[in-house]
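Below is one structure; the comments refer to it alone.
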Amino acid sequence: MTMNPDPKLQSVIATDDQYYLQAFGRRTPLCIDHGSGVYLYDTAGKRYLDMIGGIAVNVLGHAHPALTAAIAEQAGKVIHCSNYFYNEPQARLAQQLGDLFGDGRVFFNNSGAEANETAIKLARGYFFKKGQPRAKIVTAMQSFHGRTLATATATGQTKYSAPFAPLPDGFVHIPYNDVTALEEAVDDNTCAVMLELIQGESGVHPASIAFVDAAVAACHRTGARLIIDEIQTGVGRTGKFLASQLYSIKPDIVTLAKGLAGGVPIGVAIANQETATGFTPGDHGSTFGGNPLACAASLAVLETLEKGHLIQKAAGLGDHFREKLQELAETSGQIHEIRGAGLMLGIELKEPIAAEVKGRCLDAGYLIGSVGTHTLRLLPPLIIERAEIDAFVTDLGQVLAEVAST
């Protein structure tokens, strides 16, 4: 990856180094200035095809006219009002999401971590209100559920939680896709099983049908609530509105965030009617959750997805993308496996060159993600076209050839 001599970029980096709490450390030396469609432009004017989509956030790409118009219109009315009062965009969005889930009750937050916190509290509250308190929550190793204390503890990667001990009690981690371990872990003290159907942060690993079926059966057997974290997989990412639909399951709670408002912060927990009894007035709240601006943005996203048939297109584009990547795997000899669904794809390389490949793709005008040393992660906007996918795969092949020759 070549260093960018752009003076504006260097000024931003210097300011960041001095003032920003260094949770991110030195980032990729690139400062985004603006975007249009599936492309982003840096402060030097260079164009990049956005193949990471703000980590599954920018489902409509950048500066989408329907989304920007909805935001501007709502900003001209009211951006925020207290949840002491009703607001129409919130009620309309709750109706749409509740219906998409199927007779669901909705609570709005500001992020995926907050949505998962809501789900955790709701599952425990459900049993408390029944007079049968349960605290145990079973999650999977290599999962990612957020960075609050509770969601970092739920996350099955100790690097996210160990520095911040003591941690909340009650979380048990099992190996992903291990049916026996799941069946042994879920008992009459379990209030919830919390899973991702595709683990995004650890490298795009799908759950097996047997593992998901075992989770459903274990919850039915014990009464535990099934929480499916759809923060990355939801909002059409996998070719269905919810990845749960790919597995033909109906969770007790699903959580959404990321792409739901196309870049405006929002999170939501949706529960079935029975599980929703875990909250009564005063049990939970949010100052900014469900604000009119975020809800108006989300309504615009949902309308655009429907009018443009973008979720169905994501399914077809995902199939095409996998076919092109499989062809590249056969010709390059450097790809071990292609994983995922729809436009959520992971490319596992045979050699530990993921970071180098990502850097060279940046130089070539592509923004992609990497996980560890071997995996590339792709989460492009749902508005991407076949021609853009084909161009990326061609250039990725060139990058792999260049890396192989060094």
In order through region 140-146: 3J(HN,Hα) via Karplus (6.51 cos²θ - 1.76 cosθ + 1.60), integer Hz, x for Gly, Pro
10, 5, 6, 7, 8, 10, x
Span-rule helices in the chain, defined as complete DSSP H runs reaching 24 Å or more along the axis (Cα) with Kyte mean at least -0.5:
112-129, 310-332, 386-405
Non-local residues with an amide H under 5 Å from the amide H of Gln199, with H modelled 1.01 Å from N and Pro and chain starts lacking one, are His205, Ala207
For region 178-320, what class follows from the C-alpha gyration tensor (a ≥ b ≥ c being the square roots of its eigenvalues): rounded when a/c is under 1.5, otherwise prolate if a/b is larger than b/c, else oblate?
oblate
Highest mean first, what order results for 73-82, 333-342 on Cβ atoms within 10 Å?
333-342, 73-82
Which pairs, out of Lys258/Lys313; Lys121/Lys258; Lys159/Lys250; Lys240/Lys324, put more than 23 Å between their alpha-carbon atoms?
Lys159/Lys250
In terms of modelled amide H atoms, which long-range or inter-chain residues lie less than 5 Å from the amide H of Leu349?
His336, Thr375, Leu376
Out of the total accessible area of the chain (probe 1.4 Å, heavy atoms of protein only), what percent is carbon and sulfur?
54
For region 142-287, report the accessible area per residue in Å² (1.4 Å probe, heavy atoms, rounded to an integer).
37
DSSP beta bridge pairing in region 184-323, given as percent antiparallel to the nearest 5:
45
Cα gyration tensor, region 87-202 - rounded (a/c under 1.5), prolate or oblate:
prolate
Kirkwood Rh and Cα-based Rg: tell me the resulting Rg over Rh for region 10-155, rounded to two decimals.
1.04
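The values are calculated or read from the model by the stated rules, or taken from the named source; none is laboratory data. These numbers were taken from a predicted model, which means no experiment stands behind them. Here Cβ is always computed from backbone atoms with ideal geometry, including for glycine, and neighbour counts include all displayed protein chains. To get the accessible areas, we keep the full protein, side chains included, count just its heavy atoms, and leave off ligands, DNA and RNA. Shrake-Rupley method; radii C 1.70, N 1.55, O 1.52, S 1.80 Å.
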